[in-house]
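Q: For reference, the structure I am asking about is given below.
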Amino acid sequence: MTSLPERTERKLGLVIDLDTCVGCHACATACKSWNGSGVSGPLSDINPHSAGAEGVWFNRIHSYEAGEGEDSRTVHFPRSCLHCETPACVTVCPTGASYKRAEDGIVLVNHDICIGCQLCAWACPYGAREFDEPEGVMKKCTLCVDRIYNRSMPEAERVPACVSACPTRARHFGDLGDPGSDVSRLVAERGGVALAPELGYAPVNRYLPPRDPKRFEATPPKDPGPLPSQIRNPLLRWVDRILSR
Amino acid sequence: MKPAASIVVFTTLSGAGYGLLFWLALLRPAGLVPGSAWFGVPVLLLALALVTAGLLSSLLHLGRPERAWRALSQWRSSWLSREGVAAVATFPPAILFGLAMLAGREGLAVVFGLLAAGGAAATVWCTGMIYASLAPIREWHLPLVAPGYLVFGAFTGAALLAGGAALAGGGRAALLLAALLAAVALIVKRAIWAAADDAPAPATAASLTGLSRFGTVRPLDPPTTETAYLMREMGFRVARAHAAKLRRIALWGGFVAPALMLGAAALAGGVAAALLAPLAAAVALGGMLVERWLFFAEATHTVAAYYRA
């Protein structure tokens, strides 16, 4: 059913720290690896071993330059599904293949009934949905729904593959609907933002902005005085040595 | 947006087909086109052929066309689903309209014709709303886009009906109606182009990355060195110079030339009208294909802002 739930019990999502992300693409490759063989698999590739290689990825890592001149900075920006509260990708779906779960807010595609019309990709402003051409259906981030509830995995690993793989711990997973959760407190502390809220999709994921860089003032070095070898007078050289201790 | 041939052909042909069905059902009881089954049935068959060809073409756009029937289920939320339901629901009254004409049951023909006309209008409205409801696409998310689909379908359908009526040796009213609708369509299309050109981008690279507070945001490195689905689908660009030329072609071919030809046919009547009017309909359909190709090619999606400044 492509009508949206009035409210969701939880709002599971990601918090991505743009201050510590180094743009290594580990999240993207971990995601591709896990989801290529999970409920969404295969994530088809076209010409995987030759020129023109392309394929389905749920996570795309961009790099941007933000700001001007001395104040500009390079920001690595992982882009994935934001599991919006009012996702038009779900409501435009003509078949009911797209849905938003009432229990945790995760936006999913039922690949068994998707007709591959791609209207959901048009409706998503964030480019979260990709068409799997050989499969003829849409694919998208599942928030690793087959990991986070997976009782056969150690509890510490029950997080999305991208969160687990991030070497700088720039990715956090949790319930953004609970103001007391770790992720909600992180967002409050660091001033986390939603992407393009003006579009009205009410994204759940948050991005933590880069911190302001430390400023190092260019001050001239203090005059260290003459070197011991430059002091000719033995008595003064001895005094200098004693006082330099 | 990538102008997929399947959708360009679908929206143009089915728009014209539904327009033709609409005007046949409305003008026939009023006596403004020939009332015999010899005229009505072939025109109805042409309308249904155009509609069906368009719908079949739209299936080519699907990754899993064999599952297309599932698209009829989500009419509560989806304009695409509503379009499918309206399209399917229009067939029975349209077919009964034809049978009633064949059987000479004029009263039933009027009733089923009007039902089919309502279905035709509803279907084309849903088509327009599919595009008009997409907030990430600047050139589509405009108040005139859905009414535009109605007007363009009404115009091309009226042009086809006028062509048929002129061939049958009558239908001055249909010719005048088609010429008038061409003028209306021209005004609406120009207004849509003006609105699309003036519309602000729904979101910027800065807002889409959450980095607005740092100032402007410029792409440095894309996620992949090769292309990807999103860039092919949402990143389609038509050269500005080509777009301007194509707009002129659409304007003259799609609206101005057919309007003049239809107007001239209405004045001349007889054999001249029988020659001019079908030609005008063909030119209108050709121009409308260019208009529809541009509708997609010129549309920009917010996703493109992630990839280029």
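The values are calculated or read from the model by the stated rules, or taken from the named source; none is laboratory data. Please read all numbers here as calculations on a predicted model, not as lab measurements. Every residue, glycine among them, receives a Cβ derived from its backbone with ideal geometry; neighbour counts consider all protein chains shown. Keep in mind that these areas ignore ligands, DNA and RNA; they rest on the heavy atoms of the full protein, side chains included. Shrake-Rupley method; radii C 1.70, N 1.55, O 1.52, S 1.80 Å.
Q: Out of B:216, B:302, which single residue is of a type in the set (S, T, N, Q) and either away from chain A (no Cβ under 14 Å) or open to solvent by 60 Å² or more (accessible area, probe 1.4 Å) (or both)?
A: Numbers: B:302 fails: either away from chain A (no Cβ under 14 Å) or open to solvent by 60 Å² or more (accessible area, probe 1.4 Å) (or both).
Testing whether each residue is of a type in the set (S, T, N, Q) and either away from chain A (no Cβ under 14 Å) or open to solvent by 60 Å² or more (accessible area, probe 1.4 Å) (or both) leaves just B:216.
Q: Just to be sure I understand, how many residues within region A:184-204 are at the interface with chain B (Cβ under 10 Å from one of its Cβ atoms) and in contact with a strand residue (DSSP E or B) (Cβ under 9 Å, 6 or more places away or on another chain)?
A: Filtering region A:184-204 down to residues at the interface with chain B (Cβ under 10 Å from one of its Cβ atoms) leaves A:191-201, A:203.
Restricting the remaining residues to those that are in contact with a strand residue (DSSP E or B) (Cβ under 9 Å, 6 or more places away or on another chain) gives A:191-195, A:203.
Summing the residues that are at the interface with chain B (Cβ under 10 Å from one of its Cβ atoms) and in contact with a strand residue (DSSP E or B) (Cβ under 9 Å, 6 or more places away or on another chain) in region A:184-204 gives 6.
Q: Determine whether residue B:169 is open to solvent by less than 30 Å² (accessible area, probe 1.4 Å), in contact (Cβ under 8 Å) with a residue 60 or more places away in the chain and more than 14 Å from chain A (Cβ to nearest Cβ).
A: Details: open to solvent by less than 30 Å² (accessible area, probe 1.4 Å): no; in contact (Cβ under 8 Å) with a residue 60 or more places away in the chain: yes; more than 14 Å from chain A (Cβ to nearest Cβ): yes.
Spelling it out, it is not the case that residue B:169 is open to solvent by less than 30 Å² (accessible area, probe 1.4 Å), in contact (Cβ under 8 Å) with a residue 60 or more places away in the chain and more than 14 Å from chain A (Cβ to nearest Cβ).
Q: Let me ask something else about it. Of the residues in region A:159-173, how many are out of contact with any strand residue (DSSP E or B) (no Cβ under 7 Å at 6 or more places or on another chain) and open to solvent by less than 20 Å² (accessible area, probe 1.4 Å)?
A: 1
Q: So, one more: Inspect region B:75-89 for any residue being within 14 Å of chain A (Cβ to nearest Cβ), out of contact with any helix residue (DSSP H, G or I) (no Cβ under 6 Å at 6 or more places or on another chain) and surrounded by 18 or more Cβ atoms within 10 Å (Cβ to Cβ) and give the result as yes or no.
A: Going residue by residue through region B:75-89, those that are within 14 Å of chain A (Cβ to nearest Cβ) are B:75-88.
So of that shortlist, the ones also out of contact with any helix residue (DSSP H, G or I) (no Cβ under 6 Å at 6 or more places or on another chain) come out as B:76, B:78, B:88.
Next cut, surrounded by 18 or more Cβ atoms within 10 Å (Cβ to Cβ) only: B:78.
Yes.
Q: Next up: Please determine, by comparing only the residues of region B:23-57 that are under 20 Å from residue B:83 (Cβ atoms) and of a type in the set (S, T, N, Q), which one is modelled with the highest pLDDT.
A: Within region B:23-57, the match that is modelled with the highest pLDDT is B:52.
Q: Something else about it: Go through region A:91-123 and give me each residue that's more than 8 Å from chain B (Cβ to nearest Cβ) and either crowded, with 22+ Cβ neighbours inside 10 Å or not in a loop (DSSP other than H, G, I, E, B) (or both). I'd like the intermediate steps shown before the answer.
A: Here is the first cut: in region A:91-123, the ones more than 8 Å from chain B (Cβ to nearest Cβ) are A:98-112, A:120.
A:98, A:99, A:100, A:105, A:106, A:107, A:108, A:109, A:120, listed by residue number.
Q: Test of understanding: among B:144, B:96, which residue is more than 17 Å from residue B:55 (Cα to Cα), away from chain A (no Cβ under 14 Å) and under 14 Å from the mean Cα position of the chain (by Cα)?
A: On the way: B:96 fails: under 14 Å from the mean Cα position of the chain (by Cα).
Going through B:144, B:96 in turn, just one is more than 17 Å from residue B:55 (Cα to Cα), away from chain A (no Cβ under 14 Å) and under 14 Å from the mean Cα position of the chain (by Cα): B:144.
Q: Shifting gears a bit: Return yes when residue A:34 is assigned to a loop (DSSP other than H, G, I, E, B), modelled with pLDDT of 95 or more and either open to solvent by 30 Å² or more (accessible area, probe 1.4 Å) or over 14 Å from residue A:162 (Cβ atoms) (or both) and no when it is not.
A: Details: assigned to a loop (DSSP other than H, G, I, E, B): no; modelled with pLDDT of 95 or more: yes; either open to solvent by 30 Å² or more (accessible area, probe 1.4 Å) or over 14 Å from residue A:162 (Cβ atoms) (or both): yes.
No; evaluated as a whole, the condition is false for this residue.
Q: Among (1) more than 14 Å from chain A (Cβ to nearest Cβ); (2) open to solvent by less than 50 Å² (accessible area, probe 1.4 Å); (3) more than 30 Å from residue A:198 (Cβ to Cβ), where does residue B:108 come up short?
A: Going through (1) more than 14 Å from chain A (Cβ to nearest Cβ); (2) open to solvent by less than 50 Å² (accessible area, probe 1.4 Å); (3) more than 30 Å from residue A:198 (Cβ to Cβ) one by one, residue B:108 breaks only (2).
Q: Any idea which of (1) open to solvent by 60 Å² or more (accessible area, probe 1.4 Å); (2) more than 9 Å from every other protein chain (Cβ to nearest Cβ); (3) assigned to a helix (DSSP H, G or I) is the one residue B:30 doesn't satisfy?
A: (3)
Q: If you check A:85, A:70, which single one turns out to be modelled with pLDDT of 95 or more, open to solvent by 10 Å² or more (accessible area, probe 1.4 Å), more than 7 Å from chain B (Cβ to nearest Cβ) and farther than 21 Å from residue B:235 by Cα? Break it down stepwise before answering.
A: Details: A:70 fails: modelled with pLDDT of 95 or more.
Going through A:85, A:70 in turn, the sole match is A:85.
Q: OK, next. What is the number of the single condition among (1) of a type in the set (Ser, Thr, Tyr); (2) within 9 Å of another protein chain (Cβ to nearest Cβ); (3) within 30 Å of residue B:216 (Cβ to Cβ) that residue A:2 does not meet?
A: In the conditions (1) of a type in the set (Ser, Thr, Tyr); (2) within 9 Å of another protein chain (Cβ to nearest Cβ); (3) within 30 Å of residue B:216 (Cβ to Cβ), residue A:2 misses (3) alone.
Q: Looking at region B:1-27, which of the residues that are within 14 Å of chain A (Cβ to nearest Cβ) and more than 15 Å from residue B:155 (Cβ to Cβ) is least open to solvent (accessible area, probe 1.4 Å)? I'd like the intermediate steps shown before the answer.
A: Going through region B:1-27, the residues within 14 Å of chain A (Cβ to nearest Cβ) turn out to be B:1-4, B:6-7, B:10-11.
Filter once more, keeping what is more than 15 Å from residue B:155 (Cβ to Cβ): B:1-4, B:6-7, B:10.
Details: B:1: 0, B:2: 77, B:3: 19, B:4: 17, B:6: 20, B:7: 17, B:10: 15 Å².
Here the residue is B:1.
Q: Among the listed residues B:269, B:263, B:286, which satisfies the condition of being on the phi > 0 side of the Ramachandran plot and open to solvent by 10 Å² or more (accessible area, probe 1.4 Å)? Explain how you work it out, then say what you get.
A: Values: B:263 fails: on the phi > 0 side of the Ramachandran plot; B:286 fails: on the phi > 0 side of the Ramachandran plot.
That would be B:269, the only listed residue that is on the phi > 0 side of the Ramachandran plot and open to solvent by 10 Å² or more (accessible area, probe 1.4 Å).
Q: Tell me which residues, restricted to region A:42-86, are among the acidic types (Asp, Glu) and outside any loop (DSSP other than H, G, I, E, B). Give the steps one after another, and end with the answer.
A: Residues of region A:42-86 that are among the acidic types (Asp, Glu), as a first pass: A:45, A:54, A:65, A:68, A:70-71, A:85.
Passing the criteria: A:45, A:54, A:65, A:70, A:71.
Q: Moving on. Determine whether residue B:281 is within 14 Å of another protein chain (Cβ to nearest Cβ) and either buried (at least 24 other Cβ atoms within 10 Å of the Cβ) or over 22 Å from the mean Cα position of the chain (by Cα) (or both). Before the answer, list the steps.
A: Details: within 14 Å of another protein chain (Cβ to nearest Cβ): no; either buried (at least 24 other Cβ atoms within 10 Å of the Cβ) or over 22 Å from the mean Cα position of the chain (by Cα) (or both): yes.
Against the criterion (within 14 Å of another protein chain (Cβ to nearest Cβ) and either buried (at least 24 other Cβ atoms within 10 Å of the Cβ) or over 22 Å from the mean Cα position of the chain (by Cα) (or both)), residue B:281 does not qualify.
Q: Does residue B:178 satisfy the criteria of being assigned to a helix (DSSP H, G or I), buried (at least 17 other Cβ atoms within 10 Å of the Cβ) and of a type in the set (Gly, Ala, Ser)? First the steps, then the outcome.
A: Working: assigned to a helix (DSSP H, G or I): yes; buried (at least 17 other Cβ atoms within 10 Å of the Cβ): yes; of a type in the set (Gly, Ala, Ser): yes.
For residue B:178, the condition - assigned to a helix (DSSP H, G or I), buried (at least 17 other Cβ atoms within 10 Å of the Cβ) and of a type in the set (Gly, Ala, Ser) - is met.
Q: Would it be correct to say that residue A:13 is surrounded by 15 or more Cβ atoms within 10 Å (Cβ to Cβ) and in contact (Cβ under 8 Å) with a residue 24 or more places away in the chain?
A: Details: surrounded by 15 or more Cβ atoms within 10 Å (Cβ to Cβ): yes; in contact (Cβ under 8 Å) with a residue 24 or more places away in the chain: yes.
Criteria met by residue A:13.
Q: Right, something else. Across region A:16-31, what is the number of residues that are within 13 Å of another protein chain (Cβ to nearest Cβ) and either part of a helix (DSSP H, G or I) or open to solvent by less than 60 Å² (accessible area, probe 1.4 Å) (or both)?
A: So the first thing to find is which residues in region A:16-31 are within 13 Å of another protein chain (Cβ to nearest Cβ), and the list is A:16-19, A:21-25, A:27-29, A:31.
Pick out the ones that are also either part of a helix (DSSP H, G or I) or open to solvent by less than 60 Å² (accessible area, probe 1.4 Å) (or both) and you get A:16-19, A:21, A:23, A:27-29, A:31.
Qualifying residue count for the region: 10.
Q: Here's a follow-up. Starting from residues that are in contact with a His (Cβ under 9 Å, 6 or more places away or on another chain) and surrounded by 21 or more Cβ atoms within 10 Å (Cβ to Cβ), keep the ones in region A:133-158 and report whichever is nearest to the other protein chains (Cβ to nearest Cβ).
A: As a first pass, look at region A:133-158 and keep what is in contact with a His (Cβ under 9 Å, 6 or more places away or on another chain): A:135, A:137-139, A:141, A:143.
With the extra rule that they be surrounded by 21 or more Cβ atoms within 10 Å (Cβ to Cβ), the set shrinks to A:137-139, A:141, A:143.
On the way: A:137: 6, A:138: 8, A:139: 10, A:141: 14, A:143: 19 Å.
Once the filter is applied, the top-ranked residue is A:137.
Q: So residue B:120 passes all but one of these: (1) over 29 Å from residue B:41 (Cβ atoms); (2) open to solvent by less than 20 Å² (accessible area, probe 1.4 Å); (3) more than 10 Å from every other protein chain (Cβ to nearest Cβ). Which condition number does it fail?
A: (1)
Q: (1) open to solvent by 10 Å² or more (accessible area, probe 1.4 Å); (2) farther than 25 Å from residue B:137 by Cα: which one isn't true of residue A:40, the others all being true?
A: Here residue A:40 meets the rest and fails (1).
Q: Return the residue satisfying two criteria in turn: it lies in region B:134-145 and is crowded, with 21+ Cβ neighbours inside 10 Å and without any contact (Cβ under 8 Å) to a residue 60 or more places away in the chain, and of such residues it is nearest to residue B:185 (Cα to Cα).
A: B:145
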